[in-house]
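A.B. asks: What follows is a single structure, and I will ask about it in a moment.
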Amino acid sequence: MLQRLWGSVFGDVRAAETPAGDVDGPRVAELVLSLPVPLREPMEARAPGLRSTAETFRRLLSQARESIKIFSPYVDPTFTGMAQEARAPIQVVTTLRESRMKSSPVLERLATTRPMAVRYLHEKHAKSQMFQLHAKMILSDRAAAYVGSANFTDTSMHYNFELGLYTEDRAAIGRLHAVFDTIFDFAARPAGAL
């Protein structure tokens with residue numbers, strides 16, 4: 001099982017004991033990377049053809065026709081530019097970076113210009129933070145998904161070392177939709193309800 005997953009993610013890489021043909025078939029997932037400039041050339045030499053985070057995010061947003069669902073604790077104006085090109089309505093679950101914040105100005109402003117719903121996962125009890133969003137995920141219709149470490153920020157997409165997976169696996173995407181919908185509908189709240 002692990003050898004099949006390894007093969008589907010990294011290509012047709014077989015361990016010595018793996019029977020021929022055992023890893024063939026569609027890939028379950030593909031690696032997605034953000035790399036600092038000094039790491040780009042050595043990584044391309046050792047693992048050519050890896051997907052970039054920025055291009056993967058751009059493609060997921062531009063290809064969706066029915067819905068885009070996003071978990072991202074942090075967003076900056078980089079997200080605004082990509083989201084303006086999206087044709088599908090967007091749902092975002094994010095968190096508040098600081099206790100004095102009441103909403104994300106970037107997201108709330110964008111929500112006035114296009115079909116977009118923003119919710120916050122930031123639970124407090126008295127003055128203690130109980131939990132907040134840390135997950136990063138993008139669902140593009142029921143066709144494709146990204147799950148990984150990158151936020152929707154310029155730093156995550158171009159300067160940090162970030163690692164994620166892109167998949168078109170229908171079963172995995174269905175489960176990711178169930179997770180997103182549960183958090184969006186039952187745990188996250190709009191800015192006015194915080």
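A.B. asks: When the range 115-147 is examined, which residues are found to be of a type in the set (D, E, K, R) and under 20 Å from Arg65 (Cα atoms)?
C.D. replies: From the range 115-147, those of a type in the set (D, E, K, R) are 119, 123-124, 127, 136, 141-142; that's our starting set.
Hits for the range 115-147 are Asp141, Arg142.
A.B. asks: Can I ask one more? May I ask you to list the residues in the range 56-67 that are hydroxyl-bearing (Ser, Thr, Tyr) and either at pLDDT below 95 or in a helix (DSSP H, G or I) (or both)?
C.D. replies: Here is the first cut: in the range 56-67, the ones hydroxyl-bearing (Ser, Thr, Tyr) are 56, 62, 67.
Listed by number, the residues that qualify are Thr56, Ser62.
A.B. asks: Name every residue in the range 120-153 that is at pLDDT below 95 and among the acidic types (Asp, Glu), in order of residue number.
C.D. replies: Matches in the range 120-153: Glu123 only.
A.B. asks: Among the residues that make up the range 177-188, is at least one of them among the aliphatic types (A, V, I, L, M), surrounded by 21 or more Cβ atoms within 10 Å (Cβ to Cβ) and touching an Asp or Glu at 6+ places or on another chain (Cβ under 6 Å)?
C.D. replies: In the first step, residues of the range 177-188 are kept if they are among the aliphatic types (A, V, I, L, M); the result is 178-179, 183, 187-188.
Those still in the list that are surrounded by 21 or more Cβ atoms within 10 Å (Cβ to Cβ) too: 188.
Next cut, touching an Asp or Glu at 6+ places or on another chain (Cβ under 6 Å) only: none.
No: the range 177-188 contains no residue that is among the aliphatic types (A, V, I, L, M), surrounded by 21 or more Cβ atoms within 10 Å (Cβ to Cβ) and touching an Asp or Glu at 6+ places or on another chain (Cβ under 6 Å).
A.B. asks: Another question about this same structure. From the list Ala111, Ala145, which one is within 18 Å of the chain's Cα centre (by Cα) and of a type in the set (A, V, I, L, M, F, W, C)?
C.D. replies: Details: Ala111 fails: within 18 Å of the chain's Cα centre (by Cα).
After ruling out the rest, the residue left standing is Ala145.
A.B. asks: If Arg142 meets every condition in (1) of a type outside the set (Phe, Trp, Tyr); (2) in contact with a strand residue (DSSP E or B) (Cβ under 9 Å, 6 or more places away or on another chain); (3) closer than 27 Å to Leu50 by Cα apart from one, which number is that one?
C.D. replies: Among (1) of a type outside the set (Phe, Trp, Tyr); (2) in contact with a strand residue (DSSP E or B) (Cβ under 9 Å, 6 or more places away or on another chain); (3) closer than 27 Å to Leu50 by Cα, the lone unmet condition for Arg142 is (2).
A quick yes/no check of all residues on (1) surrounded by 15 or more Cβ atoms within 10 Å (Cβ to Cβ); (2) in contact with a helix residue (DSSP H, G or I) (Cβ under 7 Å, 6 or more places away or on another chain); (3) among the basic types (Lys, Arg):
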{"site": "Leu110", "(1), (2), (3)": "yes, yes, no"}
{"site": "Gln132", "(1), (2), (3)": "yes, no, no"}
{"site": "Leu139", "(1), (2), (3)": "yes, yes, no"}
{"site": "Ser149", "(1), (2), (3)": "yes, no, no"}
{"site": "Thr153", "(1), (2), (3)": "yes, yes, no"}
{"site": "Tyr159", "(1), (2), (3)": "no, no, no"}
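A.B. asks: Quick one: in the range 161-171, of everything that is more than 12 Å from the chain's Cα centre (by Cα) and within 19 Å of Leu61 (Cα to Cα), which residue is surrounded by the fewest Cβ atoms within 10 Å (Cβ to Cβ)? Can you show your working first?
C.D. replies: In the first step, residues of the range 161-171 are kept if they are more than 12 Å from the chain's Cα centre (by Cα); the result is 161, 168-171.
Those still in the list that are within 19 Å of Leu61 (Cα to Cα) too: 168-170.
On the way: Glu168: 16, Asp169: 17, Arg170: 10.
Looking at residues that are more than 12 Å from the chain's Cα centre (by Cα) and within 19 Å of Leu61 (Cα to Cα), I get Arg170.
A.B. asks: Something else now. Exactly one of these conditions fails for Arg100: (1) out of contact with any helix residue (DSSP H, G or I) (no Cβ under 7 Å at 6 or more places or on another chain); (2) surrounded by 17 or more Cβ atoms within 10 Å (Cβ to Cβ). Give me its number.
C.D. replies: (2)
A.B. asks: Let me ask something else about it. Among the residues of the range 82-117, count how many are farther than 15 Å from Asn151 by Cβ and either free of Cβ contacts under 8 Å to residues at least 60 places away in the same chain or in contact with a strand residue (DSSP E or B) (Cβ under 8 Å, 6 or more places away or on another chain) (or both).
C.D. replies: So the first thing to find is which residues in the range 82-117 are farther than 15 Å from Asn151 by Cβ, and the list is 84-91, 98-103, 105, 108-117.
From what's left, either free of Cβ contacts under 8 Å to residues at least 60 places away in the same chain or in contact with a strand residue (DSSP E or B) (Cβ under 8 Å, 6 or more places away or on another chain) (or both): 84-91, 98-101, 103, 105, 108-117.
Looking only at that region, the number is 24.
A.B. asks: Select from the range 81-125 the residues that are in contact with a Ser or Thr (Cβ under 8 Å, 6 or more places away or on another chain) and of a type in the set (Ser, Thr, Tyr) and list them in ascending order.
C.D. replies: The answer is Thr94, Ser104, Tyr120.
A.B. asks: Search the range 153-164 for residues that are over 17 Å from Ala135 (Cα atoms) and pair each with any residue that is among the β-branched types (Val, Ile, Thr) and part of a helix (DSSP H, G or I) when their beta-carbon atoms are under 7 Å apart and the residues are at least 6 apart or on different chains.
C.D. replies: Asp154/Thr78
A.B. asks: Turning to a different aspect of this structure: Please indicate, with yes or no, whether at least one residue in the range 68-76 is part of a strand (DSSP E or B) and of a type in the set (Lys, Arg). Let's see the steps before the verdict.
C.D. replies: Residues of the range 68-76 part of a strand (DSSP E or B): 68-71, 75.
Retained after the next criterion (residues that are of a type in the set (Lys, Arg)): 69.
Checking the range 68-76: at least one residue is part of a strand (DSSP E or B) and of a type in the set (Lys, Arg).
A.B. asks: Right, next: Among Met130, Met101, Met157, which is the only one that is hydrophobic (A, V, I, L, M, F, W, C), under 24 Å from Gln84 (Cβ atoms) and either touching a Gly at 6+ places or on another chain (Cβ under 8 Å) or not in a helix (DSSP H, G or I) (or both)?
C.D. replies: Numbers: Met130 fails: under 24 Å from Gln84 (Cβ atoms); Met157 fails: either touching a Gly at 6+ places or on another chain (Cβ under 8 Å) or not in a helix (DSSP H, G or I) (or both).
On inspection, the qualifying residue turns out to be Met101.
The values are calculated or read from the model by the stated rules, or taken from the named source; none is laboratory data. Since we're looking at a predicted model, the values are computed, not measured. Glycine also receives a Cβ, built like all others from the backbone with ideal geometry; neighbour counts cover every protein chain displayed.
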